[in-house]
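Step one of this worksheet: look at the structure below.
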Amino acid sequence: MGYGFQVDAQLEGVSTRKDGSLTLRFSTQEVSAKGAGLIMTAAKGAPFGSMRFAPENENDVPEVKSEASSKTPSQRLRAVLYRLWQQTGSEDPWETYYYTCMEKLINQIKARLD
């Protein structure tokens with residue numbers, strides 16, 4: 001089931017987060033009950049999506065790439081493991097923790113091979 005929707009909105013605010021991402025706040029004009037249902041369903045079920053915002057009647061909108069899209073999958077995995085290492089408060093040094101996690105992942109995948 002798709003969670004996509006399009007709605008006219010006004011950008012009301014932008015704030016930065018610790019991880020370098022941004023929080024965007026939008027408001028809409030009145031939305032039908034069906035439209036509100038679509039938006040609420042998307043908010044509950046869609047883990048990630050893309051967004052295009054343009055002033056009315058403007059078609060030439062430059063694409064803004066997130067940092068996640070500019071990293072390779074291996075760089076993203078390393079960054080996620082680093083955050084996990086920070087959050088768990090592991091007593092192992094980072095490189096040891098990283099090596100151990102990678103070995104576990106590699107062995108899980110190898111176990112699935114013929």
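Of the residues V14, V7, V31, V64, which is at pLDDT 85 or above and of a type in the set (A, V, I, L, M)? Break it down stepwise before answering.
Numbers: V7 fails: at pLDDT 85 or above; V31 fails: at pLDDT 85 or above; V64 fails: at pLDDT 85 or above.
The conditions single out V14.
In the stretch 73-114, which residues are of a type outside the set (D, E, K, R), more than 19 Å from D19 (Cα to Cα) and not in a helix (DSSP H, G or I)?
S90, P93, L113
Please go through the stretch 87-114 and give me each residue that is surrounded by 11 or more Cβ atoms within 10 Å (Cβ to Cβ) and not charged (D, E, K, R), ordered by number.
Matches in the stretch 87-114: S90, W94, T96, Y97, Y98, Y99, T100, C101, M102, L105.
Matching residues to (1) touching a Pro at 6+ places or on another chain (Cβ under 8 Å); (2) under 30 Å from V80 (Cβ atoms); (3) surrounded by fewer than 10 Cβ atoms within 10 Å (Cβ to Cβ):
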| residue | (1), (2), (3) |
| --- | --- |
| D8 | no, no, yes |
| G13 | no, yes, yes |
| S27 | no, no, yes |
| V31 | no, no, no |
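The values are calculated or read from the model by the stated rules, or taken from the named source; none is laboratory data. None of these values were measured; they are calculated from a predicted model. Because the Cβ atoms are built from the backbone with ideal geometry, glycine has one as well, and the counts that use them run over all protein chains shown.
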